[in-house]
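Report on the following structure.
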Amino acid sequence: MSRPTKAIIDLQALRHNFELAQSLAPHSSTIPMVKANAYGHGAVEVARALAPIAPAFGVASIEEAIDLRDNGITQPILLLEGIFSSDEVSLAAQNNFWLMVENQPQVEAIISATLARKIKVWLGMDTGMHRLGFQPNEIQAAYDALSNSHNVSDDIVITSHFACADDLDSQATSEQIKNFDLHLPKTNNTLSTSLANSAAILAWPQAHRDWQRPGFMLYGSSPFVQPQENADQLQAVMSFESAVISLRNISAGESVGYTANWTAQRDSTIATVTVGYGDGYPRSAPNGTPVLINGVRCPLVGRVSMDMITVDVTDLPQVAIGDKTVLWGPELPVNEIASACGTIGYELLTRMPARVPRVYS
Ligand SMILES: *Cc1c(COP(=O)(O)O)cnc(C)c1O
């Protein structure tokens with residue numbers, strides 16, 4: 001007795017993907033990235049499911065970290081962009097949040113704070129992505145300033161992020177790794193390091209260091225466009241489902257939906273499904289985008305509406321109101337839908353709105 005549109009989240013598949021990341025780099029510690037509501041899957045539930053096996057979590061802001069704390073997550077939580085204002089430093093220290101440090105104002109805010117306990121920092125090196133981090137020749141000075149501060153614990157992590165690790169033919173990743181290793185700060189402390197995102201965990205073993213930071217792969221999709229043997233072992237975590245709510249026969253020459261952008265070439269049966277761009281199904285999905293009805297691929301026809309889509313089910317032997325519809329999931333990769341829409345699976349998962357109930361299984 002409710003709208004059938006929902007995202008079913010398979011926590012067993014999530015754990016499988018985490019364990020795959022861990023087994024590919026057995027000497028690394030694996031920190032799940034649960035920013036942006038765990039890529040749309042529900043940050044609290046995902047973190048709870050991984051809490052028994054994950055040493056820490058990664059998020060994009062202190063607000064996301066506090067939400068996890070308020071919901072019982074006790075691990076350290078890494079703030080991937082560090083602080084946005086200096087008042088966040090003491091709050092981070094109190095809560096055992098770890099801070100990325102990406103620029104001089106962040107160094108100064110940490111050094112000059114009055115803290116009840118030391119804070120663990122991850123010092124970011126810009127090895128070629130040119131978005132965040134210190135230039136390689138500035139790393140030593142930033143490291144020295146942090147390691148000499150009473151506010152900072154000794155075990156500083158040096159880190160960088162890849163721009164092109166999903167491109168298996170690109171030289172950029174090897175260049176970034178070389179640059180990183182060349183500019184690690186000199187110190188008597190033991191340094192630990194972190195490089196790998198999902199693509200690097202799956203395909204760049206040279207990038208496996210003390211800590212790895214998988215995001216997208218945990219949710220079961222490949223970061224690569226082509227098949228890759230490790231990525232092929234991932235299991236999709238989200239099944240985005242709805243149901244047929246209306247059926248009609250139309251004649252050849254009649255059109256369907258807003259702007260009448262699809263016209264039947266033959267007498268056709270059209271199923272209306274209660275899911276639309278208000279649920280995160282992309283309005284940019286073109287005619288022909290596959291939709292699974294009763295497990296069979298059928299073409300989307302007509303414009304995606306806010307709350308509904310229309311599907312050509314003429315070739316389905318049997319279809320009835322109430323039949324199960326899958327927009328993406330284990331049998332229909334979100335990457336395939338994304339690519340039809342000119343985007344990537346990351347975006348479709350991450351922007352899924354709160355209106356779609358997440359159901360955990
Ligand atoms: C989001 C993020 C990741 C995870 O990237 P995926 O491609 O989703 O694995 C890793 N490191 C940093 C710094 C990030 O911001």
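The values are calculated or read from the model by the stated rules, or taken from the named source; none is laboratory data. A quick note: this is a predicted structure, and the numbers were derived from the prediction, not measured. FYI the Cβ positions are ideal-geometry reconstructions off the backbone, even for glycines, and counts take in every protein chain you see. Note: areas computed on protein heavy atoms with side chains; ligands, DNA, RNA excluded. Shrake-Rupley method; radii C 1.70, N 1.55, O 1.52, S 1.80 Å.
Observations, loosely collected:
- Residues that are in contact with a Lys or Arg (Cβ under 7 Å, 6 or more places away or on another chain) and open to solvent by 50 Å² or more (accessible area, probe 1.4 Å) do not occur anywhere in the stretch 104-120.
- Residue among H150, H130, H183, H208 that is away from the ligand (no atom under 13 Å from the Cβ) and on the phi > 0 side of the Ramachandran plot: H130
- Out of A236, A260, A172, A264, sole residue that is away from the ligand (no atom under 13 Å from the Cβ), closer than 22 Å to W328 by Cα and out of contact with any Leu (no Cβ under 6 Å at 6 or more places or on another chain): A236
- In the stretch 227-242 there is no residue that is among the small types (G, A, S), open to solvent by less than 40 Å² (accessible area, probe 1.4 Å), in the same structural domain as T30 (by TED's automatic domain parsing) and part of a helix (DSSP H, G or I).
- Being hydroxyl-bearing (S, T, Y) and within 16 Å of the ligand (Cβ to nearest atom) holds for only one residue in T74, T159, T114, and it is T159.
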